[in-house]
Structures are given as structure tokens and as C-alpha cells.
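The values are calculated or read from the model by the stated rules, or taken from the named source; none is laboratory data. Just so it is clear, the model here is predicted, and its values are computed rather than measured. When we count neighbours, we look across all protein chains shown, and the Cβ atoms used for this are built from the backbone with ideal geometry, even at glycine. Quick note on the areas: whole protein, heavy atoms, side chains included, nothing else; ligands and nucleic acids left out. Shrake-Rupley method; radii C 1.70, N 1.55, O 1.52, S 1.80 Å.
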Amino acid sequence: MSSLAPVLPYDVLRLIFEQAALDDRREALKLVFLSRQIQRWIELILYSVVTLHRETTCRAFLRTIETSRTKSRAFFATHVKSLCISYDIYNDRTVRIITACPGVTSLTFWAIPTPWQTSIIRISHEEISAALDPLRPRKLSVLLHGVLGAPYPRFNLSFFQNITHLSVINKWEDWTTWWGFDALRCLTHLSFDLRVGPRSLDDKAAYTIAQSLQAVLSSCIHMHVCVLLLLFDPSPKFTAAKITHYMPVSQVDTRLVLMGDSEPFLDREAHSNREARIWRMAEEAVNIQASEGVMTYHERVEVLFTSDVRNMGDWANRTHIPLTSAQVMGLTYRRAHRWFNAIRLQLIRDYKWTNVPCNDDRMLFTLERRSSAGLPAGPKLGLQLPINISTFFSPERRVQWEMVFHSDTFESVRKICPPINDILNLIQCLLTGVVTLIFEENLPQGMHRTTRGLPSASWVKENKNALVDVFGTVRYGLLLQACHDTKLAFKLEVFPH
């Protein structure tokens, strides 16, 4: 019997299977059994990111490297691009794995030594450092204890020469004693963790941290963003104010972003989407600070829903994007249905949201999820969108939409869940002024309120094709132009004390 020829060309089939593997790793592990050709395609995806959180996983991966009959050493040297190691690294297996993967461009290295004795062959800091030395990663998330120099890392080592994004997970008592960040010539993004805990930061610690940050910023003139990430902090604004108190106003550096992390237990591997979102939020904060000439604390941004059409008129005048008729807006919103439904499916498939039966025939969909962090405890989160744009402006539904957009779904979850953020950004494009982001800061001149009416220009560019399908080429151009100009996409109001 003759074999059946594939209906689709191989290059199209490959794109389909590769996208399926990228979307769902568990599904990818099943796809490799369909055929040898598909296995070769999928394995390139599976091995591009290697995460080793446990010793057992480490042993299994090393065994694959050293005994595989289908993949040579060159395969791992070429195709492993992101490597995450977060266990007791001081054993010979770690050295052998690092040596086998010299092509890594994104490295997460959380050195966690164990105090107890094991049967594993123990090795020194110098042996780990020697194994790392040939690597040239560009993105690095690191928790260091004596590796790459002791008592502090030697940033002039060749290992660091290509680093553009560096996240330091060490406690502040460590990184405030480090120096030599100016040796990182390619560094554009730097992040430090600050674990505060239930007891507030004392004045001496705040002063030390402030002086250290100022020293780093002054020496790294090529750096774009420096983030101080406040973790486990019950009063992050108070902490931020205490630290900035020790920074002279005349030397305010708007590249410094003080940001709270509401989900500190979620991993932040160097290659992860969550890490990328933190960098993106920090970049937006720097743009805002640069336009205003002040440094503010960025943690909780209020999402505000208003159905007042006059607000849309004000934003149309500000952004130079003219308002269209109600009929045209309704047709544009309906063209966005396909995008909204694609986001709905993504939330169900990748983020454990579920469809909820709804008796309201005016709803496009209704979703529900328990706990923003995926923990067993916590209230259920809700999400609804209407079929018709006019439903947003119905007076009897005002409270309904306030409950949707003022909830934790948009206040917090959107920061760690890209599809929720996509919904917010798309609605801002469709109904500019209806859903805005607001943050306030008390300054000597008065209370400063900054309102964001449009998404970032980077998001608009990343989603160009989908936005052109919804709005057309001309309106997309106006939208992109407005998003590029902070004076159009943002509104600053000052209320004197």
C-alpha cells in the first residue's frame, strides 16, 4: 500500500507543529511520537529552554546529553539557548551540564548551597566559575554566593561582557557591597531585589541602599533602566519614600524605578515572559518619569472605568484621533470579536480560566478563575465582555462594568497575565478614555495625577497586523503616532495642597 502524501507543504506543517509546541509544552511531549520528522522539529523547541529545579531533573538531563544515540554533543551546544539552574550547584554534574551548553544566551543561575553532607562529589567556586567562563549570555538572573568572584562578583570577567539584562536576586546586604557595574559595557537593564518583610526598613539600611543605587546609576551612564523590586513589603510606598529621602532632589535619576512585586513567589527566570513584563513596565515608568522630570514609586496603578462619553471627547482632542459615529464604533468593536475570543481561549488553555454559563444574552463571554497566583485559597476572579459596544454605556450596567474593571483581575492579575493586559490595551484603543490607568503621587508642589489613556507604543507595534484588521491602516497610523508621544497618551494633572 502506498503512503498518503501530506495535504499541506512540509514548511507549513512545521510552522503548525512548532507553534503547538511553543503554546503547550505538555502537548509537545506527545507530538514527538507522531513521526521522526515531527520529533526533529519539536525537539528543537523542547531543548531550546532547559529548566533544572531539582537534582533528579539534573541527572536525567545529563544522562540524555552523555548517552543519547540520536542527538550529538553538538546538538546541545547549538540548540540549548536558555538554561535555568536552581538547586545545590556545587557538584560535578553542574559543571558537566554547563560545559555541554556553551550556546546559552539566557541564563538563570540561582546558586543554592546545602549545609548537609551528601554523596555527591563536591566542587569549589573556582570550578563552577571556570565552567561558566566560556559562556556569553545576554540575559542573566542570578543569585550568587562566591561564584564568579568572592566576596563579590568580578564584573570585568569575560563571562559578563555581553550581558544586557541583569537581575540580581541576592539580598540587599550583598549587592550594596558590590562594585564594578560600570565594567558591564553592554548592560541596559539592571534589577535588584529588596526583601523588606513585616518590619519596615530602618534608616541606616535605607541610606545604604540609596547610596549604592546612586553609585551604580552614576557609573553606568549607558544603562536605560534600574529597577529596585520591593518584595514582601506591607508598606512599599513608605519604603520607597524612605529610600528616596536619602537621594538629593538635584540628583534625581529618572532611570531608577521603585516597583512593588505583588506575586513574589512566582519564578523570574531570565527567559520568562514574567521577567520580560517587569522590564516592559519599568521602561514605561522611565518614559513617564523622564517626561515629568520626577521619580515616583510604581506599584499599584488604579484602573478606572467611566461611561461618560465626554471623557472620550477629551481624549480624542488630546490624542488627535477623531471620534467616529456610534455605528462605526460598533462595527469596529465587532471586528475585534475574533481577537477577544482568541484571548478567551488562551486564558482557558494556558491560565486555567473557565467558561461560566451566563443567562445574559448580551455578553460575548463570561470567565471565572480562582486565585490570582494559582494558589488554592483566594476569591474567584471574574471577567466579562459584551457583544455590543453600546452595553458599556448603558446606565443600568455602570456598576457591572466597574466591578469588572476595578477588580483584582485588572488591578493586579494583568501584570502577570499577558492576555488580560491585551484586553485592557485593546479596549483602550477601541474606547479611548473609557478605561484608563491612574497613579497619584504627593509631591511638594501638590498631588500629581498621571492618567494613561492608550497602551504603550511597543504593544501597538507588536500587534500591528491584528490592529490593522480591526481599525484599518489609517487609524492604526494615528494610534501608533499618539502612543509614541507621552504628551498625547498620558495626561498630567496637579492639584495644589
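Kindly provide the set of residues from the stretch 209-256 that are of a type in the set (K, R) and over 25 Å from the mean Cα position of the chain (by Cα), ordered by number. Scanning the stretch 209-256 gives a single hit, K242. In the stretch 299-311 there is no residue matching the filter, namely being open to solvent by 50 Å² or more (accessible area, probe 1.4 Å), under 22 Å from P386 (Cα atoms), modelled with pLDDT under 95 and among the hydroxyl-bearing types (S, T, Y). Inspect the stretch 415-433 for any residue being touching a Cys at 6+ places or on another chain (Cβ under 9 Å), modelled with pLDDT of 90 or more and within 14 Å of V303 (Cβ to Cβ) and give the result as yes or no. No: the stretch 415-433 contains no residue that is touching a Cys at 6+ places or on another chain (Cβ under 9 Å), modelled with pLDDT of 90 or more and within 14 Å of V303 (Cβ to Cβ). Looking across A215, A205, A240, one residue alone is open to solvent by 50 Å² or more (accessible area, probe 1.4 Å), within 18 Å of T176 (Cα to Cα) and of a type in the set (A, V, I, L, M). It is A215.
When the stretch 339-371 is filtered for residues that are touching a residue at least 12 places away in the same chain (Cβ under 8 Å), in a helix (DSSP H, G or I) and not β-branched (V, I, T), the ones remaining, listed by number, are W339, F340, N341, R344, Q346, L347, R349, D350, Y351. Within the stretch 453-476, being out of contact with any Phe, Trp or Tyr (no Cβ under 6 Å at 6 or more places or on another chain), open to solvent by 10 Å² or more (accessible area, probe 1.4 Å) and either farther than 27 Å from T306 by Cβ or among the aliphatic types (A, V, I, L, M) (or both) holds for A457, K461, E462, K464, N465, D469, T473, V474. Taking the stretch 453-474 as the range and being within 18 Å of R280 (Cα to Cα) and in contact with a Lys or Arg (Cβ under 8 Å, 6 or more places away or on another chain) as the test, the residues that pass are G453, S456, S458. Residues in the stretch 201-257 that are touching a Pro at 6+ places or on another chain (Cβ under 8 Å) and at pLDDT below 85: F232, P234. All of T51, T99 fail the test of being under 28 Å from L157 (Cα atoms), surrounded by fewer than 20 Cβ atoms within 10 Å (Cβ to Cβ), touching a helix residue (DSSP H, G or I) at 6+ places or on another chain (Cβ under 6 Å) and modelled with pLDDT of 85 or more, apart from T99.
Does at least one position in the stretch 179-188 carry a residue that is of a type in the set (D, E, K, R) and surrounded by fewer than 22 Cβ atoms within 10 Å (Cβ to Cβ)?
Yes, the conditions are met somewhere in the stretch 179-188.
Residues in the stretch 457-497 that are in a helix (DSSP H, G or I), among the aliphatic types (A, V, I, L, M) and in contact (Cβ under 8 Å) with a residue 60 or more places away in the chain were compared, and the one that is nearest to A336 (Cα to Cα) is V470.
Within the stretch 286-315, residues that are over 30 Å from H245 (Cβ atoms) and of a type outside the set (F, W, Y) reach partners that are at pLDDT 65 or above and surrounded by fewer than 14 Cβ atoms within 10 Å (Cβ to Cβ) with beta carbons closer than 8 Å, at six or more positions or on different chains, in the pairs S307/P395.
A search for C-beta distances below 7 Å between a residue of the stretch 221-236 that is of a type in the set (F, W, Y) and any residue that is surrounded by fewer than 23 Cβ atoms within 10 Å (Cβ to Cβ), counting only pairs 6+ apart in sequence or on different chains, returns F232/R195; F232/V196; F232/G197; F232/P264. Scan the stretch 14-50 residue by residue and report those that are in contact with an Asp or Glu (Cβ under 7 Å, 6 or more places away or on another chain) and not in a helix (DSSP H, G or I). The one that is in contact with an Asp or Glu (Cβ under 7 Å, 6 or more places away or on another chain) and not in a helix (DSSP H, G or I): V32. Within the stretch 1-30, residues that are over 10 Å from I42 (Cβ atoms) reach partners that are open to solvent by 60 Å² or more (accessible area, probe 1.4 Å) and at pLDDT below 75 with beta carbons closer than 7 Å, at six or more positions or on different chains, in the pairs L13/P6.
To keep it simple, each residue is scored yes or no on (1) within 24 Å of H189 (Cβ to Cβ); (2) at pLDDT below 85; (3) open to solvent by 40 Å² or more (accessible area, probe 1.4 Å); (4) of a type in the set (V, I, T).
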| site | (1), (2), (3), (4) |
| --- | --- |
| G103 | yes, no, no, no |
| S106 | yes, no, no, no |
| H125 | no, yes, yes, no |
| L135 | yes, no, no, no |
| V147 | yes, yes, no, yes |
| A150 | no, yes, yes, no |
| R154 | yes, no, yes, no |
| L157 | yes, no, yes, no |
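A count restricted to the stretch 412-428 and to residues that are in a helix (DSSP H, G or I), in contact (Cβ under 8 Å) with a residue 40 or more places away in the chain, of a type outside the set (A, V, I, L, M) and open to solvent by less than 10 Å² (accessible area, probe 1.4 Å) stands at 1.
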